[in-house]
Amino acid sequence: MAPTIEAVTNTNGVISDLKPEIDMSAPAATEPKKKITESKPKSAPLNERILSSLSHRSVAAHPWHDLEIGPGAPVIFNCVVEIGKGSKVKYELDKKTGLIKVMIKFLNFSLFMDALVKLKFLFLNFCNYILQVDRVLYSSVVYPHNYGFIPRTLCEDSDPIDVLVIMQEPVLPGCFLRAKAIGLMPMIDQGEKDDKIIAVCADDPEYKHLTDIKELPPHRLAEIRRFFEDYKKNENKEVAVDDFLPATSAYEAIQHSMDLYATYIVESLRR
């Protein structure tokens, strides 16, 4: 039954309102469904799309792609530690999957057990930062300082740029910290460019005041240089280390690696 319309007039006889009188016994008219128009989402910033586009094979966040480099780069930046100070085991990030692979035969049982304990600790406490055991150093030397890489950087060898971080204490592999670049160590590894950023921990009270590599004691620089010259000799691999360069050279190298990474990301997203 159609609803009746009750007209309400004012004193001048003009219709002032219309009130529908609806028969409640009649079935209610179905209100037409509103067409839902979803607004097109804004394109996320480049940094927000990296995880889904590049590390979809990984079961955890990828420290190379998903960790921010930091707003202070190229001077102060985040650094992922792969190898702790005093370690003889060379851990390395598996760039493709982010998973741990034990690829080597250890030189002795104690080193093997030590690596197992550290790997178990990584799984329980640092599952978002997963490393690969690359090898045990052939010589008797150990890493003089914490060693790792700067996230969201890329070098000509398709790896993130390496960084040696000087600080008071060793850091567990898989942790990240804020580092401040103070210099650059030019290096050629088996004929390929493999420069190292020399940095200090930006939050270590003993070293955070340093701004340039010339402020380090000469014996500290000699220690670093000798380590990289000698640590591959027993593998019959040639490494050449040139003179240390100032902090400005380190800034330029980091910025260049950031630019290369940005280009790499854009090309990867297009594919």
>> With the cut-off at 29 Å, tell me which of the pairs K95/K214; K95/K233; K208/K232; K96/K208; K208/K237 have Cα atoms farther apart than that.
In response: K95/K214; K208/K232; K96/K208; K208/K237
>> Using Cβ contacts closer than 10 Å as the measure, can you line up S158, S268 from fewest to most?
In response: S158, S268
>> For a test of the definition: using alpha carbon positions, the gyration tensor, and the 1.5 limit on a/c, classify the stretch 189-240 as rounded, prolate or oblate.
In response: prolate
> Counting only residues 5 or more places away or on other chains, whose amide H sits under 5 Å from the amide H of K90 once H atoms are built in the peptide plane?
Replying inline: D134, R135, V136, L137
> Let a ≥ b ≥ c be the square roots of the eigenvalues of the Cα gyration tensor of the stretch 229-271; is it rounded (a/c under 1.5), or, if not, prolate (a/b larger than b/c) or oblate?
Replying inline: oblate
> Ranked by Cβ crowding within 10 angstrom, fewest neighbours first, how are E92, E235 ordered?
Replying inline: E235, E92
> Each residue of the stretch 159-173 in turn: what ³J(HN,Hα) in whole Hz from Karplus with 6.51, -1.76, 1.60 and θ = phi - 60°, glycine and Pro shown as x?
Replying inline: 10, x, 6, 7, 9, 9, 10, 8, 7, 6, 10, x, 10, 5, x
> Once phi is turned into θ = phi - 60°, what whole-Hz ³J(HN,Hα) does the Karplus curve with 6.51, -1.76 and 1.60 give for every residue of the stretch 232-247, x standing for Gly and Pro?
Replying inline: 10, 4, 6, 9, 6, 10, 8, 10, 10, 10, 9, 5, 5, 10, x, 4
> Among I254, I188, what is the fewest-to-most ranking by other Cβ atoms within 10 Å?
Replying inline: I188, I254
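FYI, it's all coordinate maths here, none of it is from the lab. All figures in this text were calculated on a predicted structure; none of them were measured in a lab. Here Cβ is always computed from backbone atoms with ideal geometry, including for glycine, and neighbour counts include all displayed protein chains.
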